[in-house]
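What follows is a short report on a single structure.
The values are calculated or read from the model by the stated rules, or taken from the named source; none is laboratory data. Values in this document were obtained by computation on a predicted structure and should not be read as measured data. Cβ placement follows ideal geometry from the backbone for every residue including glycine, while neighbour counts extend to all protein chains displayed. These accessible areas exclude ligands, DNA and RNA; they are computed on the full protein's heavy atoms, side chains included. Shrake-Rupley method; radii C 1.70, N 1.55, O 1.52, S 1.80 Å.
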Amino acid sequence: MPPRLLIPGPVELEPEVLAILAQPVQAHYGDAWVEVHNETISLLQAVYETTGRVYMLPGSGSLAVDAAAHSTFLPGETVIVGNNGWFGERCRDILKSNGVKVIEVVGDPRQPLDPEAILGALKQHPEAVGVAVIHLETSTGVLNPIETIVKAVHAHSDALVLVDAVTGLAAADLPVDAWGIDLCVTASQKALGAPPGLGMVAVSDRAWAKISARPDDTARSWYLDLKRWQWFVENWADWHPFPVTMPTSLVLALRVALRSLLREGVVARRTRLQGLADHLRGALTEMGLPLFVPAEQMAATITAAYCPPGVRSTTIRDYVLREQNLQITTGFGPFKEQVIRIGHMGGAVNETHIDDLIAALRAFMAEQAIKG
């Protein structure tokens, strides 16, 4: 049987979400579907904590970042990017691919981004029209101080703030309107607890003012242009409020996952997952697998830990899969063979998953002690 997933996405799905995927495919237009679509957008607004525009696009979280960048920033404009990990690098590359001039603020991947460094770059480059940062750096589990960064940027500049919250939305505090986030991207397959295949972008009024003022002939993509998506929202709202065929089964599954999340309560779910995280992290530390960063710098949904000296992360990953049919994963970049990463997010993960993982890791460490 397929392994149980304890990776940072995609996640294990709740039975009610899985059940939706076995139902007949629905048409992506007409009265019934518009009702489903509109409810799903409303549920997303509730999780984002925004009353602003939210777009749901077929594709990955990276596609949604691409759409936000393409729609908002023109070639030749300057955007400051905070980079303390693999997905900071991806955000930088996506902006560059859209012709944006990137000013990179590189941080230690073992530390949260420094708001003062971001602010310093902004002061050195007053022409910057945007700042882009990662909320929860999936490659390390490090949670960045988004509220402080957004407030510092808005206090000193008119620059828009783009937040990649692909992994972080619902995993850690991120009230979009209250914090003044201008563009916030997420995806279905992480803490929202749905299957992969949908990327979402929340857009503030400030950001929309820049997007809507952009000349139409500056668009470089038909699909990624949020102005086009908004045109369909306004002109085809009664039967097809989007420009493409929507993956209806995925939207229905997301709707069920969002209902479950909001029924449990976003804060209540985070509190439950934090309990699982604390249990796991305590056990890792006890058995000699130190955390990659202090626990207070991680979200409730991802744990990264160092391997024992001389042991490759792939060896641990394969052992856990073989012994408990649990799938964890390795680090990224220079930490690929030094670090294991464990995802514990979504509605389906529970104490049994964590206890089984701890048991497998303890057995592995006992075998290592015998070999030593």
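Values computed for the structure shown
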quantity: Candidates per GluC sites (Glu not before Pro) in the stretch 110-166, loop by DSSP, up to 16 other Cβ within 10 Å; calculated: Glu127
quantity: Table column - 3J(HN,Hα) (Hz), the stretch 38-51, Karplus curve with 6.51, -1.76, 1.60, x for Gly and Pro; calculated: 5, 5, 5, 4, 5, 5, 4, 4, 5, 6, 5, 6, 9, 9
quantity: Rounded percent of accessible protein surface that carbon and sulfur make up, the chain, 1.4 Å probe; calculated: 55
quantity: Average Cα contact separation per residue, the stretch 171-285, under 8 Å, 6 or more apart, as relative contact order %; calculated: 23
quantity: Rounded to the nearest 10 Å², the accessible area of Trp179 at probe 1.4 Å; calculated: 40
quantity: Accessible area of Met287 in the full protein assembly, 1.4 Å probe (Å², nearest 10); calculated: 30
quantity: Unit charges at the beta carbon, dipole of the stretch 238-332: most positive-side option, Ile316, Thr285, Phe242; calculated: Phe242
quantity: Reported label for calculated volume of the Cα convex hull per residue in Å³ given [x] 277; [y] 159; [z] 124; calculated: [z]
quantity: Helix axis angle, 266-286 relative to the chain longest principal axis, alpha carbon, degrees; calculated: 30
quantity: Residues of the stretch 53-159: accessible area per residue with a 1.4 Å probe, Å²; calculated: 35
quantity: Between 0 and 90°, nearest 10: helix 313-324 axis offset from the chain longest Cα axis; calculated: 80
quantity: Candidate residues Asp114, Asp216: accessible-area rank, largest first, probe 1.4 Å; calculated: Asp216, Asp114
quantity: Tilt relative to the chain, helix 86-97 - C-alpha long axis, 0 to 90 degrees, to 10; calculated: 30
quantity: GluC sites (Glu not before Pro) lying in DSSP loop within the stretch 293-372, provided at most 16 other Cβ fall within 10 Å; calculated: Glu337
quantity: Inter-label distance, nm, simple model (7 Å from Cα along the C-beta direction), Lys123/Trp239; calculated: 5.8
quantity: Accessible solvent surface per residue of the stretch 195-324, calculated while the other protein chains remain in place, 1.4 angstrom probe, Å²; calculated: 43
